[in-house]
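**Q** I'd like to ask some things about the structure below.
The values are calculated or read from the model by the stated rules, or taken from the named source; none is laboratory data. Since we're looking at a predicted model, the values are computed, not measured. Using ideal geometry, Cβ is built from the backbone for each residue, glycine included, and neighbour counts are taken over all protein chains shown. Ligands, DNA and RNA are stripped out before the accessible areas are found, and what is left, the full protein with its side chains, is counted by its heavy atoms. Shrake-Rupley method; radii C 1.70, N 1.55, O 1.52, S 1.80 Å.
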Amino acid sequence: MTLALFAGFPGASVGGEPVVGLWEKIPVFKGGQVLARPSFVFTNEKLKEAVVFTGLQDSGGELLVVCCVAVTDLKPVDLGKVLRKYAADTEFVDHLNSIKGLPFVYKADAISKSEWNSQMVVIMSHENDSTDGVPYSVPVISQKLGKAASIKPSFNKDGKSIRLSTVYSKDGARVSYEFNIDGLKTKFSEAAFPVD
């Protein structure tokens, strides 16, 4: 599902600061086939209005921009119910349980395809492929950055100085993220996906 109503929507903030979190697009398997491909945004703040989120993926020296997903249903997802529904896929359950530091979960949808940038096109290209089991996770911020393909890890937007840091544990099993927005730091983490 894509949302056309967000053309030109600027994003949103809680208390004047951008909301940050993780977009999780993790396939659920049953019998070797993709049963479902749920899409959630985990956030550091409870949302009070519809929000557009841009993904920022560390590519070593710069951030790849992934535009964009939206949250329009402001009722938080009952994560326990989701995990029970898909309990047979232990990898799915284990990954979502690994996310720490982001207490709120919402259903996410891609915005109108006409607003996607090149990274979003790649990520969504396998949406209807029942054999594609590649999981995707990316830190997000409630800022729209246009169709730029990449930006520096430190940037300014809407009068805010923003920096995203990504650090892997020594064994590579866990990844931690830190958004620094005008000196206010928000840290969260998740299990890292195996690299083939």
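**Q** Of W23, W116, which has the most accessible area and how do the rest follow, probe 1.4 Å?
**A** Details: W23 5, W116 30 Å².
The ordering from most to least exposed comes out as W116, W23.
**Q** From the helices alone, meaning DSSP H stretches of at least four residues, give me the mean residue ellipticity at 222 nm for the chain, per-run term -39500 (n - 2.57), in deg cm²/dmol to the nearest 500.
**A** -3000 deg cm²/dmol
**Q** Send over a whole-number figure in Å² for the accessible area per residue of the stretch 89-170, probe 1.4 Å. Could the numbers behind the result be given before it?
**A** Numbers: 4270 Å² over 82 residues.
The answer is 52 Å² per residue.
**Q** Let me ask something additional. Note the direction-averaged projected area, equal to a quarter of the hull surface, for the Cα convex hull of the chain, in nm². Working shown, then result.
**A** Details: hull surface 43.3 nm².
The number I arrive at for the chain is 10.8 nm².
**Q** Cβ neighbours within 10 Å, averaged per peptide: list 33-44, 152-163 in order, most packed at the top.
**A** Values: 33-44: 19.2, 152-163: 13.5.
The densest-packed peptide leads the list: 33-44, 152-163.
**Q** Round to a whole number: what % of the accessible area of the chain belongs to carbon and sulfur, probe 1.4 Å?
**A** Working: 5220 of 9840 Å².
Answer for the chain: carbon and sulfur cover 53 percent of the accessible area.
**Q** In a Gaussian network model over the chain where Cα atoms closer than 10 Å are linked, find which of L63, L47, L184 has the largest mean-square fluctuation.
**A** Comparing L63, L47, L184 in the GNM, the peak value goes to L184.
**Q** What's the FRET efficiency of Q33 with E62 using the Cβ-Cβ distance as r and R₀ = 30 Å, to the nearest 0.05? Could you put the intermediate results ahead of the total?
**A** Working: r = 36 Å, r/R0 = 1.21.
FRET efficiency, Q33 to E62: 0.25.
**Q** I would also like to ask the following. Quick one: which residues, 5+ away or cross-chain, put their amide H under 5 Å from the amide H of V105? H built at 1.01 Å from N.
**A** HN-HN under 5 Å from V105: T43, V77.
**Q** Kindly flag which residue pairs out of K46/K100; K25/K46; K46/K113; K81/K185; K100/K160 have an alpha-carbon separation exceeding 22 Å in this structure. Could the numbers behind the result be given before it?
**A** Details: K46/K100 16 Å; K25/K46 20 Å; K46/K113 27 Å; K81/K185 31 Å; K100/K160 25 Å.
From the list (K46/K100; K25/K46; K46/K113; K81/K185; K100/K160), the Cα-Cα distance tops 22 Å for K46/K113; K81/K185; K100/K160.
**Q** Given the options G133, G80, G31, which has the most mean-square fluctuation in a GNM of the chain, springs set between C-alpha atoms less than 10 angstrom apart?
**A** Its mean-square fluctuation being the largest, the pick is G31.
**Q** Would you mind pulling out the separation of the Cα centroids of the stretch 146-196 and the stretch 41-88, in Å?
**A** That distance is 14 Å.
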